[in-house]
Amino acid sequence: MTQKITGFSKLTKAAKIDWLAQTYFQDQQQAVALLKRYWNADSKLQQLHDEFIENTISNFYLPLGVAPNFDINGKTYSIPMAIEESSVVAAASKAAKFWGERGGFKATVLGTTKVGQVHFTYTGTYERLQEFFKDTLFRFHKEAAPLTRNMEKRGGGIKAISLVNKSDQLPHYYQLHCEFDTQDAMGANFINSCLEQFAKTLKNAFEADRRFKDAESLEIIMSILSNYVPNCLVRAEVNCPVDALTEKGIEGQEFAEKFVQAIAIATVEPYRAVTHNKGIMNGIDAVILATGNDFRAVEAGVHAYAARDGQYRSLTTAEIKEGEFNFAIEIPLALGTVGGLTKLHPLVKWSMELLGNPSAQELMQLVAVAGLAQNFAAVKSLTTTGIQQGHMKMHLMNILNQMDASASEKQKTVHHFKTATVTHAAVVDFITTLRH
Ligand code: MEV
């Protein structure tokens with residue numbers, strides 16, 4: 001039986017750790033020591049991390065890797081990636097090299113509209129609500145002005161507020177559907193503050209309006225941004241003559257046809273589409289994390305977009321047209337390069353500088369390219385050598401670490417498996433033989 005505790009968040013960090021060690025661990029000293037080993041020696045830096053969330057007891061590391069040589073819109077980038085999966089950075093780097101030799105990546109922002117909604121119930125007629133909304137619209141803008149002034153100075157602000165009738169789907173349910181431009185900020189706080197002000201204005205204006213008889217009521221249910229941003233959209237693409245795809249004895253035409261077929265399968269078959277898109281998110285999430293953005297928001301929005309016509313499908317498209325191979329991705333990405341963690345987390349700041357301190361729109365392009373590159377590398381492997389060859393080569397070090405291999409054992413094993421197929425059993429056998 002585990003124990004419950006009251007006031008855990010009020011305990012000091014040391015007391016929290018002691019309670020956890022005593023309550024849950026066999027070897028209490030070891031449990032405490034491990035957490036402390038991951039503390040940063042620089043106490044100011046540690047305090048910064050402690051204060052990101054509640055109940056911080058230690059730091060949880062992920063490797064930060066870099067995929068260099070990404071040619072995007074004529075500029076070369078080294079892309080930072082925070083991820084634990086062994087093959088992701090290597091795959092991105094390979095794709096960057098491959099497309100660097102074939103004209104590079106092109107990326108375009110197709111829209112930057114972000115969305116938020118005030119959800120409310122109303123018991124009267126829609127016509128009366130519509131009239132009231134028309135008369136009240138200016139007040140939403142006016143009463144939110146103190147919140148929007150700075151954003152407007154930067155070129156952003158409220159783009160549109162509309163009344164939506166959803167009462168056919170849920171009795172008495174209506175919403176204010178609001179669109180925003182938040183420039184280089186992800187904008188969650190800006191949007192949510194505006195929405196909460198809109199909700200106040202709506203309620204106050206309704207209560208003061210004599211058109212509504214006593215029998216009619218309006219209740220605010222909630223005000224919140226949406227992570228579904230189909231009009232905050234970016235496209236990344238690559239193309240080259242089909243012949244230019246010829247590589248290592250595989251004809252360009254044969255490769256391109258199989259590749260296009262693989263994308264077509266992921267377009268019609270949801271089981272494949274989910275794995276296909278997961279591979280894309282390997283690249284996207286890694287850059288999102290390294291640049292301090294919210295990968296949960298991006299994941300939720302991207303997957304909803306993949307199912308926008310009612311069936312979950314591939315996020316990428318591929319075709320052969322007039323001798324050209326075209327491969328592209330279109331994804332919604334609400335990102336920020338100011339605010340949030342971007343100026344706070346030292347490694348995020350570092351990653352941003354590595355990218356040349358991009359605008360949010362530039363970051364959208366880089367992230368989309370990382371997703372496209374990752375998908376290219378995965379589908380290329382899947383349709384040629386199979387995924388395990390490259391994957392297991394990169395996983396080799398994990399197996400060696402699991403076996404506590406020494407530096408010399410690692411060196412010998414890596415050398416051996418340059419020409420042999422890596423499987424878990426083959427590596428165990430090889431090390432066992434070495435150790436005898
Ligand atoms: C593994 O993390 C990702 C892949 O499964 C993606 C794919 O199948 O396209 C290799």
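The values are calculated or read from the model by the stated rules, or taken from the named source; none is laboratory data. These numbers were taken from a predicted model, which means no experiment stands behind them. As a convention, Cβ positions derive from the backbone with ideal geometry for all residues, glycine included, and neighbour counts pool all protein chains shown.
Some values worked out for this structure:
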read-out	value
Close pairs (7 angstrom Cβ cut-off, 6 or more residues apart or separate chains): within 11 Å of the ligand (Cβ to nearest atom) in the range 377-400, in a helix (DSSP H, G or I) and of a type in the set (Lys, Arg) anywhere	Ala377/Lys94; Thr383/Lys258
Failed item in (1) touching a Ser or Thr at 6+ places or on another chain (Cβ under 9 Å); (2) exposed (fewer than 15 other Cβ atoms within 10 Å of the Cβ); (3) not assigned by TED's automatic domain parsing to the domain that holds Phe105, with Leu218 passing the rest	(2)
Positions within the range 108-152 being free of Cβ contacts under 8 Å to residues at least 60 places away in the same chain, under 16 Å from Gly187 (Cβ atoms) and surrounded by 15 or more Cβ atoms within 10 Å (Cβ to Cβ), in sequence order	Ala144, Leu147, Thr148, Met151
Those residues of the range 81-100 which are without any contact (Cβ under 8 Å) to a residue 60 or more places away in the chain, surrounded by fewer than 17 Cβ atoms within 10 Å (Cβ to Cβ) and of a type outside the set (D, E, K, R), in sequence order	Gly100
Selection within the range 46-58 - touching a helix residue (DSSP H, G or I) at 6+ places or on another chain (Cβ under 9 Å) and either of a type in the set (Asp, Glu) or surrounded by 14 or more Cβ atoms within 10 Å (Cβ to Cβ) (or both)	Leu48, Asp50, Glu54, Thr56, Ile57, Ser58
Any hit, the range 290-310, residues being within 12 Å of the ligand (Cβ to nearest atom), crowded, with 19+ Cβ neighbours inside 10 Å and at pLDDT 95 or above	no
First in the range 280-301 and touching a residue at least 40 places away in the same chain (Cβ under 8 Å), second anywhere and hydroxyl-bearing (Ser, Thr, Tyr) and away from the ligand (no atom under 14 Å from the Cβ), Cβ under 6 Å, 6 or more apart	Ala290/Ser351; Thr291/Ser351; Gly292/Thr342; Gly301/Tyr228
Residue match in the range 102-120 (condition: within 27 Å of Cys232 (Cβ to Cβ), in contact with a Pro (Cβ under 6 Å, 6 or more places away or on another chain) and in the same structural domain as Thr316 (by TED's automatic domain parsing))	no
Flag for Gln374 being in contact (Cβ under 8 Å) with a residue 40 or more places away in the chain, assigned by TED's automatic domain parsing to the domain that holds Ser314, within 23 Å of Ile284 (Cα to Cα) and away from the ligand (no atom under 16 Å from the Cβ)	no
Test: residue in the range 194-213 that is buried (at least 17 other Cβ atoms within 10 Å of the Cβ) and within 30 Å of Leu372 (Cβ to Cβ)	no
Any hit, the range 83-96, residues being under 30 Å from Asn192 (Cβ atoms) and assigned by TED's automatic domain parsing to the domain that holds Ile329	yes
Check on Lys418, outside any loop (DSSP other than H, G, I, E, B), away from the ligand (no atom under 16 Å from the Cβ), of a type in the set (D, E, K, R) and not assigned by TED's automatic domain parsing to the domain that holds Lys258	no
Any pair with Cβ under 6 angstrom, 6 or more apart, that starts in the range 170-188 at a residue that is touching a residue at least 12 places away in the same chain (Cβ under 8 Å) and ends at one that is among the small types (Gly, Ala, Ser) and not in a loop (DSSP other than H, G, I, E, B)	His177/Ser162; Cys178/Gly116; Glu179/Ala160; Asp184/Ala360
Matching option when the condition is more than 16 Å from the ligand (Cβ to nearest atom) and hydroxyl-bearing (Ser, Thr, Tyr), among Ser217, Ser314	Ser217
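Listed here are the residues, each with its yes/no results for (1) touching a strand residue (DSSP E or B) at 6+ places or on another chain (Cβ under 8 Å); (2) over 17 Å from Phe376 (Cβ atoms); (3) surrounded by fewer than 16 Cβ atoms within 10 Å (Cβ to Cβ).
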| site | (1), (2), (3) |
| --- | --- |
| Leu245 | yes, no, no |
| His276 | yes, no, no |
| Ala328 | yes, no, no |
| Val348 | no, yes, no |
| Ser351 | yes, yes, no |
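For every residue, the table says whether it meets (1) assigned by TED's automatic domain parsing to the domain that holds Thr342; (2) not acidic (Asp, Glu).
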position: Gln3; (1), (2): no, yes
position: Asp27; (1), (2): no, no
position: Leu34; (1), (2): no, yes
position: Tyr38; (1), (2): no, yes
position: Ala41; (1), (2): no, yes
position: Gln46; (1), (2): no, yes
position: Asn69; (1), (2): yes, yes
position: Thr76; (1), (2): yes, yes
